[in-house]
Amino acid sequence: MTTSRQSPIGVFDSGVGGLTVLKALRQAMPAEHLVYLGDTARLPYGTKSPQSISRYALQATESLLNRGIKLLVVACNTASAVALEALKAHLSPLPVVGVVEPGAKAAVSARSAGRHLVLATEATVRLGAYTAAIKRRDPDAAVHEIACEMLVALAEEGWTDGEIATAIVRRYVDPIIAGGNQPDTLILGCTHFPLLRPAIRAVVEPGTAIVDSASTTADAVKELLASNGSGAPAGQVGRLDLLATDGATRFARIGGQFLGQQIASSDIEIVDL
Ligand code: DGL
């Protein structure tokens, strides 16, 4: 399909978490049309095998390609860690931006030779994607990664602060700190975790930098569009299309918190991959 400067940017996540990235994209590029696909029928990706994650990501991408996107943002850390190269090969010459590299960049900018602690899903941690991306930028950095599946469930349930959220974050983070690995940067290596900032902040030392990929991903997309001259024409008013593979009511309820604005279930188109 031929694309133009008016074509939308495709944004894909396993569910609603990628709306934190979408929010940053909208803020950075209000003129761009955006089409967001959350694969809510198959969430979570984080506990699945690399084969399933890659297959799901390719199917979701195919559906966005049919909408005439000019660039794909893989706004899911798990899919970025597992399937970014396969997606790039599949979409070439269309540009593809994942969230792991921008997240690593944010961490290294926050602290050089830092002691980084990455909170992510099982699949992301298994591949050590953040460790590799941080070490490529800063070989002196020390990186620990923890798989925190319960935090995805907490964010989905809307239990993002208070006693329960804090106790669960503590359960994951304390053993690392007790082992003498006090981090100076904590990386939210999963799209759901920016919602848990208050609980995470309550558990780490006050000077710890807490970073996520949202704004650095938006910066990377903006630079890419500017460099290949495919940014939206000035004066265009960006449109947002929301697609999901299941559960419009739940998507609207939870997604509103991630996007920072109300979503009506009638705003969401349910698609079959
Ligand atoms: N979107 C996933 C990520 O950023 C979290 C949810 C899932 O496991 O699917 O890793």
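The values are calculated or read from the model by the stated rules, or taken from the named source; none is laboratory data. Since the structure is predicted, the reported quantities are computational estimates derived from the model, not experimental observations. FYI the Cβ positions are ideal-geometry reconstructions off the backbone, even for glycines, and counts take in every protein chain you see. For accessibility, only protein heavy atoms count, side chains too; no ligands or nucleic acids. Shrake-Rupley method; radii C 1.70, N 1.55, O 1.52, S 1.80 Å.
State the percentage of accessible surface on the chain attributable to carbon and sulfur atoms; use a 1.4 Å probe and exclude ligands, DNA and RNA.
On the way: 5790 of 11340 Å².
C and S fraction of accessible area: 51 percent.
Please list the radius of gyration and Dmax for the range 87-162, considering alpha-carbon atoms only, with Å as the unit.
Cα only, the range 87-162: 14.7, 46 Å (Rg, Dmax).
Taking every pair of alpha-carbon atoms in the range 1-157, what share in percent sits in each 10 Å bin, from 0 to the bin with the longest distance?
11, 39, 35, 14, 1
Which of the peptides 72-83, 176-187 is most tightly packed, and how do the rest follow, going by the mean number of other Cβ atoms within 10 Å of each residue? Show your work: numbers first, answer last.
Values: 72-83: 30.0, 176-187: 16.5.
Result, highest mean first: 72-83, 176-187.
Could you give the spread of the C-alpha atoms of the chain along their three principal axes, from largest to smallest, in whole angstroms?
Ordered largest first, the chain gives principal extents of 54, 40, 37 Å.
Give me the dipole magnitude in Debye, nearest 20, for the chain about the Cα centre, with unit charges on the beta carbon: positive for Lys and Arg, negative for Asp and Glu. Don't skip to the answer; put the middle values down first.
Working: 24 positive and 26 negative charges, 88 e Å.
For the chain, the charge dipole is close to 420 debye.
Calculate, axis by axis, the spread of Cα positions in the range 1-77 along the three principal axes, and write the results as whole Å, longest axis first.
Principal extents (Cα only, largest first): 36, 27, 16 Å.
If the only charges are +1 at each Lys and Arg Cβ and -1 at each Asp and Glu Cβ, what is the size of the charge dipole of the range 192-273 around the Cα centre, to the nearest 20 debye? Spell out each step's value before the answer.
Values: 6 positive and 9 negative charges, 54 e Å.
The dipole of the range 192-273 has a size of about 260 debye.
With unit charges on the beta carbon (Lys/Arg positive, Asp/Glu negative), name the residue among 73, 158, 172 whose Cα is farthest towards the positive pole of the charge dipole of the chain.
Farthest towards the positive pole: 73.
Which stretch or stretches of the range 3-21 have amide N atoms under 16 Å from the point lying 7 Å from residue 59's Cα along the Cα→Cβ direction?
The answer is 13-15.
If you average the alpha carbon positions of the range 21-60 and of the range 110-186, how far apart do those two centres end up, in angstrom?
Taking the Cα centre of the range 110-186 as reference, the centre of the range 21-60 is 21 Å away.
Would you mind putting 112-121, 190-199 in packing order, based on average other-beta-carbon counts within 10 Å, highest first? Please report the intermediate quantities before stating the final value.
Values: 112-121: 22.5, 190-199: 24.5.
So the order, starting with the most tightly packed, is 190-199, 112-121.
Could you give the accessible area per residue of the range 153-273, probe 1.4 Å, as a whole number in Å²? If you can, show how the numbers build up before the last one.
On the way: 5800 Å² over 121 residues.
Per residue, the range 153-273 has an accessible area of 48 Å².
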